[in-house]
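J.: The structure under discussion is supplied below as structure tokens; questions concerning it will follow.
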Amino acid sequence: MSVNIAVERRRVVHIALLVAVIAGLLFATGLLDGAFAQGGPFGAPRTQAPAPPVGGVLGWIFTKQAEFYRQFSSLLRAAKADGSAAWSLLGLSFLYGIFHAAGPGHGKAVISSYIIANNETWTRGVVLSFASALLQALVAVAVVGLAAALLNATAATMGRAVNVIEIVSYSLIIVIGVRLLWVKGRAFLALLHTLHRPAAVGAAVTPRPHDHAHHGHAHHSHAHNGHDHSHGHDYGHHHHGEGHAHHHHHADDEDASAWGHAHAPEPEELAGPGGWKRGLSAIVAVGLRPCSGAILVLVFALAQGLFWAGVASTFVMGIGTAITVAVIASIAVGARAWAQHLADARSGYGMLAMRGVEVGAAVVIIAFGALLLTGYMVSERMVGI
Amino acid sequence: MIHRFFFCAAAAFAGLVIATAAAQAHPHIWVTVKSELVYAPDGTVTGVRHAWTFDDMFSVFATQGIESKKKGEFTREELAPLAEVNVTSLKEYDFFTYAKANGKKIEFDEPPAGYYLDFNPKDTVLTLYFTLPLKTPVKAKDLTLEVYDREFFVDFSFAEKDPVKLVGAPAHCKLSIGRPQEMSAALTQQLSQLAADQRDPSLTIGAEYANKIAVKCP
């Protein structure tokens, strides 16, 4: 009886900790919202003091991108008279893309959270960054190409089109977050359950040497191959884990499966169709929304009769953006690996913490999507005062 | 130990997210401002007349797809629907105009009809003309007027020549104009010494970017 109470109390402590982590992350999201939305134009309270551009490195980035941006119109005009100016235009687009991606939008936060929640590899992080940035460029070209070049639509019409795209994009972000929360939340609870089972506690909490990890890998991928991929990998993981928690016939297996989960996904997992499909949803969610800067440049280029120069500029801009996002994604991968390293030293509870972080990251994605969708956070105001 | 780990991991992640996302959008629209402060015969301020000239890129974007008789040129009538959209949506942003009389905030009414957009085909730029009447005209010894976008999506700056005029003001009123400070090398240097989350109170960058008109009528 007393054992049960102790276990119960520990469970309560853990749930409280999880709630604290989530609250902390939400708070961080709120801070960040305040940092760049300044209340937003959509009826949210607006402070009276002017928002100073952020100082330090960010202030510098901020000044630089504005500087670059202002040169677009003169370079596009120059390119009209002298084709060689197009090279300067492309160089400028590249630099602008690199600097501009540091600003809001462009999905850095969503991609980073996604990488952390989903335990993505560095390669996948880079691919996600490039694919979403290039999709963004493609959407900008498609919007201006269809609406302005073909249909001669007005700026207001393009604004409305972008609005619809935004709603779809932000909803998709929420869907991805909810799906991750469902998968990761269940994994977290299953692990918690496992850790608190007297028999399981012994197996999972006792630190085990690392050679077990190898066993875990083999075992894990084996189980995986047998799994129905249409369920998605996280699902696969989860069932696998849960199955063990319920049967735990074998202490070693229990431990192995826990470690197996914590490690980076095996190559075959990445190559699997489900793996790429999973990434595709993130690419589409993040890359769907075109950047207003690109749309302005494209429309201006179109007016100068140099639409091709605008298209080239937009794609080069996308490459620049991708580089910045990829760097940030790499930091996310590194941070996760570092946390994993810490977690590994703490056996079962370290694992639990990792699951907790994943749950937190999923919550951050939902929060981002929700804030963007409700217009409380402006990712980048669409042009049209 | 577990607690500490939790905090470490959460803090690391939160820090990462903030560091990667806490940057602002840079301006996408540049506006050159010319304003007039309008006084009634009794010496009260009744309103502000603005003439805002947009940069060429935004002007070209805004006029995209608008039907015109002459290619590359737009008449006031052809631009009337666009002017209406602009003025209506500016309401959401308090017209980017903030005024104080004797240190107290004053409110503006919506612009009455009569606002319009002009297109300059040579520079391909649009200029928006509109009047902001004060809700209640005030007699002010000290009047300040600022034009800025706190989100810095629109970069406002006063025109080089004759940025502000007083119309019908009592003769003893004195006008002074504060321009946004250029981002000088020295300021950039100063800024780079600050941590990203640090705001030096002596370095009020926001105020330095703001366009401030001060009228003293002692």
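J.: Output the number of residues of the stretch A:279-301 satisfying the condition of being surrounded by fewer than 22 Cβ atoms within 10 Å (Cβ to Cβ) and out of contact with any Leu (no Cβ under 9 Å at 6 or more places or on another chain).
T.: Result for the stretch A:279-301: 1.
J.: What is the number of the single condition among (1) over 26 Å from A:Ser132 (Cβ atoms); (2) at the interface with another protein chain (Cβ under 8 Å from one of its Cβ atoms); (3) open to solvent by less than 30 Å² (accessible area, probe 1.4 Å) that A:Ala86 does not meet?
T.: Going through (1) over 26 Å from A:Ser132 (Cβ atoms); (2) at the interface with another protein chain (Cβ under 8 Å from one of its Cβ atoms); (3) open to solvent by less than 30 Å² (accessible area, probe 1.4 Å) one by one, A:Ala86 breaks only (2).
J.: Next question, about the same structure. Out of the residues in the stretch A:111-160 that are outside any helix (DSSP H, G or I) and more than 14 Å from every other protein chain (Cβ to nearest Cβ), which is farthest from B:Thr88 (Cα to Cα)?
T.: That would be A:Thr121.
J.: May I ask you to verify whether A:Leu146 is more than 28 Å from A:Ala362 (Cα to Cα) and surrounded by fewer than 24 Cβ atoms within 10 Å (Cβ to Cβ)?
T.: yes
J.: Right, A:Ser93: more than 24 Å from A:Ala309 (Cβ to Cβ), among the hydroxyl-bearing types (Ser, Thr, Tyr) and in contact (Cβ under 8 Å) with a residue 24 or more places away in the chain or not?
T.: Judged against the criteria, A:Ser93 is not a match.
J.: Just wondering, is there one or more residues in the stretch A:103-113 that are crowded, with 24+ Cβ neighbours inside 10 Å and over 21 Å from A:Val364 (Cβ atoms)?
T.: No, the stretch A:103-113 has no match at all.
J.: Do we have any residue at all in the stretch A:159-169 that's open to solvent by less than 20 Å² (accessible area, probe 1.4 Å) and either among the basic types (Lys, Arg) or farther than 13 Å from A:Cys291 by Cβ (or both)?
T.: Yes, some residue in the stretch A:159-169 is open to solvent by less than 20 Å² (accessible area, probe 1.4 Å) and either among the basic types (Lys, Arg) or farther than 13 Å from A:Cys291 by Cβ (or both).
J.: Separate question: What's the total number of residues in the stretch B:105-148 that are acidic (Asp, Glu) and in a strand (DSSP E or B)?
T.: Residues that pass the stated criteria total 3.
The values are calculated or read from the model by the stated rules, or taken from the named source; none is laboratory data. This is a predicted model, so every value here is computed, not measured. Positions of Cβ are backbone-derived with ideal geometry, glycine not excepted, and every protein chain shown enters the neighbour counts. We work out accessible area using only protein heavy atoms, side chains counted, and drop any ligands, DNA or RNA first. Shrake-Rupley method; radii C 1.70, N 1.55, O 1.52, S 1.80 Å.
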